[in-house]
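Working notes, beginning with the structure itself.
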Amino acid sequence: METNTMNASQKAYEYLESHQPGMYAELVECVLENGGSMIQTPEYFAAYIVRDGEAHVLYACGNLAGLLRYARDNAESMGYDRISWERSIAGKHRNITTYTLETLCRKK
């Protein structure tokens with residue numbers, strides 16, 4: 001029996017590149033140019049930019065509980081108390097969804 005050993009970083013790379021060739025490199029460039037952060041672990045991947053107390057997630061995948069733990073544990077040092085995102089890359093809506101960190105962590 002073969003198991004899928006692909007980690008979240010590999011999944012992010014493959015998904016973004018399948019969506020549009022070069023999209024992963026564009027994401028990295030956007031994060032670097034805007035003072036953002038990329039978090040890559042085997043369990044989850046996130047790329048985001050913090051502005052005015054809000055972490056705007058550009059792309060994330062993997063274990064949601066792990067991502068929320070990371071967000072909660074790093075919010076104060078990174079200077080955010082809200083998290084926002086849109087789902088256009090996943091073929092969903094372009095509406096920006098914003099939650100306070102407290103509300104979002106309760107939803108898990």
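The values are calculated or read from the model by the stated rules, or taken from the named source; none is laboratory data. Everything numeric here is computed off the predicted structure, so don't read it as measured data. FYI the Cβ positions are ideal-geometry reconstructions off the backbone, even for glycines, and counts take in every protein chain you see. Protein only, heavy atoms only, side chains kept; ligands, DNA and RNA dropped before computing areas. Shrake-Rupley method; radii C 1.70, N 1.55, O 1.52, S 1.80 Å.
Which members of the range 47-63 meet the condition of being in a loop (DSSP other than H, G, I, E, B) and in contact (Cβ under 8 Å) with a residue 12 or more places away in the chain? If you could, list the steps in order and put the result at the bottom.
Of all residues in the range 47-63, those in a loop (DSSP other than H, G, I, E, B) come to 52-53, 63.
Residues satisfying the conditions are GLY53, ASN63.
Working only within the range 77-97, note down all residues that are at pLDDT below 90, loosely packed, with under 14 Cβ neighbours inside 10 Å and either more than 12 Å from the chain's Cα centre (by Cα) or not in a loop (DSSP other than H, G, I, E, B) (or both).
The first filter runs over the range 77-97 and keeps only residues at pLDDT below 90, leaving 85-97.
Add one more test, that the residue is loosely packed, with under 14 Cβ neighbours inside 10 Å, and what stays is 87-88, 90-97.
Within the range 77-97, SER88, ALA90, GLY91, LYS92, HIS93, ARG94, ASN95, ILE96, THR97 meet the criteria.
Could you say whether any residue in the range 42-63 is of a type in the set (Asp, Glu) and either surrounded by 20 or more Cβ atoms within 10 Å (Cβ to Cβ) or within 14 Å of the chain's Cα centre (by Cα) (or both)?
Scanning the range 42-63 turns up at least one residue that is of a type in the set (Asp, Glu) and either surrounded by 20 or more Cβ atoms within 10 Å (Cβ to Cβ) or within 14 Å of the chain's Cα centre (by Cα) (or both).
Here is a yes/no grid of residues against (1) assigned to a helix (DSSP H, G or I); (2) over 22 Å from SER84 (Cβ atoms); (3) in contact (Cβ under 8 Å) with a residue 40 or more places away in the chain:
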| site | (1), (2), (3) |
| --- | --- |
| SER9 | yes, yes, no |
| GLU26 | yes, no, no |
| GLU29 | yes, no, no |
| PHE45 | no, no, no |
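Given the options SER18, SER37, name the one that is without any contact (Cβ under 8 Å) to a residue 60 or more places away in the chain, small (Gly, Ala, Ser) and farther than 29 Å from ARG106 by Cβ. Give the steps one after another, and end with the answer.
Values: SER37 fails: farther than 29 Å from ARG106 by Cβ.
Of the residues listed, the single one that is without any contact (Cβ under 8 Å) to a residue 60 or more places away in the chain, small (Gly, Ala, Ser) and farther than 29 Å from ARG106 by Cβ is SER18.
Got a sec? Which of GLY66, GLY35 is open to solvent by less than 30 Å² (accessible area, probe 1.4 Å), not polar (S, T, N, Q) and not in a strand (DSSP E or B)? So that I can check it myself, show each step before the final result.
Values: GLY35 fails: open to solvent by less than 30 Å² (accessible area, probe 1.4 Å).
Result of the check over GLY66, GLY35: GLY66.
Got a number for residues in the range 1-32 being among the hydrophobic types (A, V, I, L, M, F, W, C) and either at positive phi or open to solvent by 50 Å² or more (accessible area, probe 1.4 Å) (or both)?
Just the residues of the range 1-32 that are among the hydrophobic types (A, V, I, L, M, F, W, C), to begin with: 1, 6, 8, 12, 16, 23, 25, 27-28, 30-32.
The next check asks that each one be either at positive phi or open to solvent by 50 Å² or more (accessible area, probe 1.4 Å) (or both); those that pass are 1, 6, 25, 32.
Count: 4.
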